[in-house]
Each structure stands twice: as structure tokens, then as C-alpha cells.
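Report on the following structure.
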Amino acid sequence: MARASIIRKTASDFRVLPNWADYEQVRSEFSWEKVQKELTGLPGGGLNIAFEAIERHAQGAWRDRVAFRFLGAGPDRAVTYHELSVLTNRFANLLGNLGIGKGDRLFVLLGRIPELYISVLGSLKNGTVACPLFSAFGPEPIATRLTLGEARVLVTTEQLYRRKVEKIRDSLPGLRHVLLVPEHGDPSADIPGTLDLSRLMAESADDFETVATQAEDMALLHFTSGTTGTPKGAVHVHGAAATHWATGKYALDLHPDDIYWCTADPGWVTGTSYGIIAPLLHGVTSIVDEADFDAERWYRILQQQQVTVWYTAPTAIRMLMKAGGEMARKYSFPKLRFIASVGEPLNPEAVWWGKETLGLPIHDNWWQTETGGIMIANTPAFDIKPGSMGRPLPGIDAFIVSRDEQGNVHIVEAPDSKGELALKRGWPSMFRGYLNNEERYRKCFAGDLYLTGDLATRDQDGYFWFIGRSDDVIKSSGHLIGPFEVESALMEHPAVAEAGVIGKPDETAGEVVKAFVSLKTGYEASDSLRMELLGHARKRLGAAVAPKEIDFLPMLPRTRSGKIMRRLLKARELGLPEGDTSTLEGQA
Ligand code: ATP
Ligand code: MG
């Protein structure tokens, strides 16, 4: 279906006045120093993420406001800012009692239950570095990450411990304490070498003075998604709170009375930066759902919880699209006012689906584990060009760069040139290193530019367009082809739910484009559909760029954070080793 190339914003699109409207002016007046003044700082000097996130509300007029509403198998559980303060104080106290202090590393292996949030925030209060992991990881990836991150403490459940940690415990001599969350409210059985978290919490004092961390002190460790290879451990500092605050305001448009739902798991950086920190900094109420994706359940949550701001991912949106419009029409979302998405390029089709099915366009934004926060975004302050990841946020300068034959990096000024996306270093949430990999970290920088490893273009209006990761880009008969462009064209066909595109080695062309496609409910794979899709793509993209081959798959392989793993499609196609699959969804 032919669509307009721009979604214009008009005043009637907004149910509340957005936090900003004039892109150029706000950018020109913005400074990180001013943002730092929005944060309270510790009473004795210094900065601590958890103090900013909880204490300034818990000790003020918002103490009884709900910080988190946890949805799970049992009844919903609401935790107010004041209660969160007490619970995290107790957690910080129990760490101190165990001899765990500033700079020690605490890992969390839990589903999205209250203890996950309490452990991470309590740990930060104690100056202890927190690292949340996906609870679905198997023993191998857990062991690798705990070793690399020098874990001193692990918080998990009895069941997860027995299934995944017990057998690797001997390989983790540095792991001093394992704290177990009781299952189903029962106190943990006496498992040697573990402690019962509920008992320790009950015995701990309610008051705690936040440890005096500084902006440059390490706060969080986050592993990358492993989309392109072995996951890297990125180091983040307390000063990142300034970025979380600013992006919560400008990219997510958070207002104090919002009911906000970030669907990401904290095992992925989005679930921490925007599932924990940013919403708390703004004093909003966050919905946390323990269950995995389910289209019907998600629509019900949006409706019943009266979510106003929703932050999700392209994979979820594509699954909702796959489930069909009929299901969506059973629900209504009169309170929903802003939707954003991150993690992968958002196909234009998905932006339009939001507008037509939910009544709101979806605001794509771009960032990485390494950047710690949203860098480039579609925001309420300007029109959306579907398929573009938007414009750099206030405080962020983004460029397209190229390398010359000597390897020197140059900024490319001309609009629409293809090149690597680079950011001017210096924003507060920038990673401060890769664990144990100083050289790789150093390679990410050229002078004062951070090189992202993604290819993009910038148009004459300053909007950035994602082409692909530099590892995924296809070179075919002299053309540089981004998988995203081909996938988006395939998704315009009504039968296609998802598409993943790779380059397949070819003697004459160098590489040819091959697509893997999964179909929407109600469509069957067949040779005639394959021919139809090949024809559709050729018409949309031209013969040079269109796929030469299409295979149907029931599901595409994806990471736990929901990204299509093209490197796996390629390895399987070519019969090559699959490489690191620790983050592959469905892997135990
Ligand atoms: P790894 O670095 O281990 O291969 P990863 O890069 O997928 O994994 P993340 O840090 O979770 O790990 O993901 C960041 C990457 O995701 C970006 O570099 C980019 O390639 C992709 N990405 C995120 N948001 C968008 C977006 N809106 N549009 C296009 N790509 C995006
Ligand atoms: Mg990456």
C-alpha cells in the first residue's frame, strides 16, 4: 500500500502538552550542566542513581505515589516510592552486613519480580555495582558473565539456583554469597552455600544512608545483545542518571502522572535504563509484567492498566501485527498517548500500523548498550518520517563518517551519503569501558568521536536513516545493500510478518540477497507465494537490490532482546559454525 512519507504532528495529536515543541531552540539552549542541576545530588556531595530515583520522591510530596505495579500470576502488587525506599534500604543494609561494599559486583538472575528491582536499586544505594541478567540464560552464559564481571553476590531463586547455578558454582570461586528469593512465598529450603533473602530482608534495618558515590563511579554492568558476536560487557557510571533524566523528558515525554510501561527485561539495557531508572527519576508509575509476550495479554494490560506511555520493541510490534487487527479492535486505549520503540529498525509499515490500529504512530529511537541511553529519536517535537530513526536528542551530536585508505575518520557533510554513524563523545551515560577488553574499547573512538558500528545516512532535514550494522551490509554487484531496506519492502506485502535478509556469497555478484520470511496468521507458504514475494520485492526495489531467493521459516532466530540474528541465518544457510548463541531466544 502506498503511504505518505511523513506523519505531520498537529496540536490535536496530543492529549497533554508535550515536554517540548521547538527542536532547534531546545537543542541550542541545552547543556548537560543544566540537566545536572535537575538532579538533587547526595546531601554530603556526590551522585547516586538510586538516591535520585527514589529518595527525592520518597522524602517529598510523592512518597505515597506508586512507583511500580507488578503484574504476575498472583494479585497485582503496588509498591510506593516510600515503600521502595524502605525495601532498598533494607537490601543495602543486608549487603553491608555481608561485608559487600562499594565497587563490589552483584548479579541478579531473576524474572521481572519485585526482588529484581529491589536488588538492583538497593545495590546501587550501597555503591555496589549491579548487573541484571536474563533469567532464561543457561548455565554456560551465566558462568561466563559472572566470571567476566567478577561477581561477588548473586541474587536468584531457589529453582533457578538448582537448575542453573549449582552445577557451575565450583567454577566461581569469587562468588561469595548467593541470596535466594523464596518461591511461592515459602522460605527457601536450606541449600548449602546460599542465604534466604526474605529472612535477611526481615532482619535488616529500615534506614540507610546512601553510600557516597561520585558521578564517575561504576554503577551498572550491561552485556550487549550478542547479535553480531560474543556479547561484550559495558561499564556504566552513576553520572548516567543525567542522560536518563533528559531522555525520559525529551524522547519518552514522561509527565509525573504517567502510567508508563517499558516492556523490556532488565537483562537488556533498555529494561534498566528505561524500565527502572528513567521512570523513577521522573516520579511516574511503571507497570512491570512478569509474563512473556502474549498478544492478547498485552492488549489487555494496555487497556486495564490505562497505560499512557508505552516503550516497546519492533519485534513485539511485529508480533502484534502478526496476530491481526481483529484482536486489536477488541480493546480500546483512550489513555494511551505516546508510543516509542527501540532495538532494531522499525519498518515504516509498523509505524503506520500504530497510527491506524492504535491511533498513535510509533516513535522509533536508536541507541546501544554502549550509549547507555537514547541518542537519536523521533520525539513529540517534530514530524515523523516513517522508517527514519529520527534526529539527535538535545545534548547529542551525531555524524556520518567515512574512513580513508589510511584508516583516518572523516565527517561527511553531504546529505544522503552512506557511512558509519558516529557520536561526539561526552554525554553522561556513555560507557566507560568493555570488561577486560581495553583494546576493543579504544577502537571505538577516533579523536572525540565514538564510532557506533552501524551504517546510516542523514537527510537534508537532519533525520537519520538506518542502513544496517556494518557486519550485516551486503555488497552485491557493486551495490551496498542494507538488509533493513529489503526487509521493510517485503513487510509491505500483506502476507509477511517478519523478514531477515542476508548476503550469500556468489561468484559473479560477490554476494546475492537472500531473504527469510515468516508469514502472518492465515497465510500458507507455497511456491506461488514465493514467486509473488520475489515479484513484489523486484517491483519495489529493482532487480539489483531485490532478493534472488526467499525461504519461509515459521519463526526467525532472535536474541532474547528480540533482535533478528542475521549472522545465524547466514551461518545456517552456509553450513558454518553458529558462533556464540548464548543470547538466542529459546535456548535454555
Ligand atoms: P552486539 O553488540 O553484541 O552484537 P547488539 O548490538 O544487538 O549486540 P545492543 O546494544 O542491545 O546489542 O543493540 C544496539 C544495536 O541495535 C545498535 O547498534 C543497532 O544496530 C540496533 N538498533 C537499536 N535501535 C535501533 C533502531 N531504532 N534502528 C536500527 N537499529 C537499531
Ligand atoms: Mg552492538
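The values are calculated or read from the model by the stated rules, or taken from the named source; none is laboratory data. Since the structure is predicted, the reported quantities are computational estimates derived from the model, not experimental observations. All Cβ positions, glycine included, derive from the backbone under ideal geometry; neighbour counts span all protein chains shown. Accessible surface is based on the protein model in full, side chains and every heavy atom, while ligands, DNA and RNA are left aside. Shrake-Rupley method; radii C 1.70, N 1.55, O 1.52, S 1.80 Å.
Quick notes on this one:
- Segment 116-162 versus segment 290-320: alpha-carbon centroid distance in Å: 26 Å
- Relative contact order for segment 531-588: 24 percent, from Cα pairs under 8 Å spaced at least 6 residues apart, divided by residue count.
- Normalised alpha carbon radius of gyration of segment 54-171 [divisor 2.2 N^0.38 Å]: 1.13
- At full extension, residue 432 and residue 64 could sit 128.9 nm farther apart than now, given 0.36 nm per residue minus the alpha carbon distance.
- Taking each DSSP H run with n ≥ 4 as -39500 (n - 2.57) and averaging over every residue of the chain yields -7000 deg cm²/dmol at 222 nm.
- Label sites at residue 150 and residue 76, each approximated as a point 7 angstrom past Cα along Cα to Cβ, lie 4.3 nm apart.
- The smallest convex shape that holds all Cα atoms of segment 382-489, its convex hull, gives 137 Å³ per residue.
- Solvent accessible area, Å² - residue 297, 1.4 Å probe, full protein context: 60 Å²
- Residue-normalised accessible area of segment 239-293, given per residue in Å² at a 1.4 Å probe: 17 Å²
- Accessible-area value, residue 247, 1.4 Å probe, nucleic acids and ligands omitted, Å²: 10 Å²
- From the largest down, segment 27-71 spans 40, 29, 19 angstrom on the principal axes of its Cα atoms.
- Cα gyration tensor shape for segment 205-299, rounded if a/c is under 1.5, else prolate or oblate: oblate
- Of the trypsin sites (Lys or Arg not before Pro) in segment 116-214, those whose Cβ has at most 15 other Cβ within 10 Å and which sit in DSSP loop: 176
- Pair residue 539, residue 190: separation of 7 Å Cα→Cβ label points (nm): 7.4 nm
- Relative counts (whole %) of C-alpha pair distances in the chain, using bins that are 10 Å wide: 3, 17, 28, 27, 17, 6, 1, 0
- Label zone at residue 578 (point 7 Å along Cα-to-Cβ), backbone N below 19 Å, segment 495-516: 500-502, 516
- Gain in span if fully extended, residue 176 to residue 408, counting 0.36 nm per residue against the direct Cα distance: 78.9 nm
- Based on C-alpha pairs under 8 angstrom that are at least 6 apart in sequence, the chain has a relative contact order of 13 percent.
- Per residue, in Å², the accessible surface of segment 83-203 once ligands and nucleic acids are set aside, probe 1.4 Å: 36 Å²
- For segment 276-344: rounded, prolate or oblate by the Cα gyration tensor [a/c cutoff 1.5]: prolate
- Its relative contact order, with pairs defined as Cα atoms under 8 Å and 6+ residues apart, puts segment 240-288 at 45 percent.
- Hydrodynamic estimate: the Kirkwood radius of segment 1-95 over Cα pairs, inserted into Stokes-Einstein at 10 °C and 1.306 mPa s, corresponds to D of 90 µm²/s.
- Largest-first ordering by accessible area, 1.4 Å probe, given options 22, 404: 22, 404
- Of all accessible heavy-atom area on the chain, the percent that carbon and sulfur account for (1.4 Å): 49 percent
- At 0.890 mPa s and 25 °C, Stokes D of segment 444-534 from Kirkwood alpha-carbon radius, µm² per second: 162 µm²/s
- The stretch between residue 13 and residue 508 holds 173.1 nm of extra length on full extension. This uses 0.36 nm per residue minus the Cα-Cα distance.
- Bridges between two residues of the chain, per DSSP, are antiparallel at a rate of about 55%.
- A 1.4 Å probe run over segment 419-505, with the rest of the protein chains in place, finds 37 Å² accessible per residue.
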